[in-house]
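No value in this document is a laboratory result; all are computed from the given coordinates. Only a predicted model underlies this, so the values are computations on that prediction, with no experimental measurement involved. Positions of Cβ are backbone-derived with ideal geometry, glycine not excepted, and every protein chain shown enters the neighbour counts.
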Amino acid sequence: MSSSGTSLAHARSCGSVCSPPLSPSLSEMFSMLDSAAEQLMVHKDFQAAFDTCNRGLESLASMEQEDNRCAELKASFCILGIQALAELNQWHGVLSWVLQHYEHQEKIPAKIMQMCILLYSKVGEPAVLQEASRVWLQCLSNSRAAGFGTVAELYLLHVLVPLGHTEEARELIAGSVIHKLEAMLRLLYRRLLAPGSGSFSLRRVFLAAILLYMLLVRMDPALPSSFMWISKLLQLLKQMWSAMFAPYYQTLTQSKRL
């Protein structure tokens, strides 16, 4: 319930603060969303709440998408609808219902993916979300989403581990570490080029070294699967080093010549 309350509050705040005044059609959608939330959380009329969410989603689909408030409304209707279906013990139809409105797995918002993973895990059917979660995580645009890390963590803990897919779990962990290393190296590069970079703390460099140690030293090199990991990691590090630090050294070389 806290998830739906947060989404509803965010949708309202965007409607009143972040964006231009609401059009009559959007005002009607917010009113319908309020009704669905009241039916679900106050009256416990789960079927009525689901029906209201369905009507709201159908109305949104026929409307011109004015701004990001439409996307927030759509996500909020879906979140309430998922909870209503769960209360009606119709959890088996949640994923297909969500896909009916988002069409493609990779288009599902992160917070809805998180809800779906937790729901299917709770009812003991984590395999239902395996393919959808994998497709979502492999989508490049989703890697920049705010909830990407949480989706990856839930997928690891509630899908891969219960199903015993240890190889894919290890690959997911390695991809996550590589993303963090890349972010650290980029930060280091920006700090080195910034004025007064001599005062830059080396703690992040040490952290990157520890992560590399965990991957390269703690990993058993005798395992055939380790070869691919180490090779891929070294290749990515070389590419990042060349792309980020080559301009820095070129600048230093040119300044020395002058």
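Key figures for this structure:
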read-out	value
Loop sites in the range 81-167: chymotrypsin sites (Phe, Trp or Tyr not before Pro), DSSP, at most 14 other Cβ within 10 Å	none
Leu163-Tyr102 FRET efficiency (beta carbon distance; Förster radius 25 Å; 0.05 resolution)	0.55
For the range 71-137, alpha-carbon Rg relative to the globular expectation (2.2 N^0.38 Å, N residues)	1.00
Inter-label distance, nm, simple model (7 Å from Cα along the C-beta direction), Ser25/Arg134	4.0 nm
Ellipsoid semi-axes in whole angstrom, largest first, where each is sqrt(5λ) of the Cα gyration tensor of the range 9-164	27, 19, 12
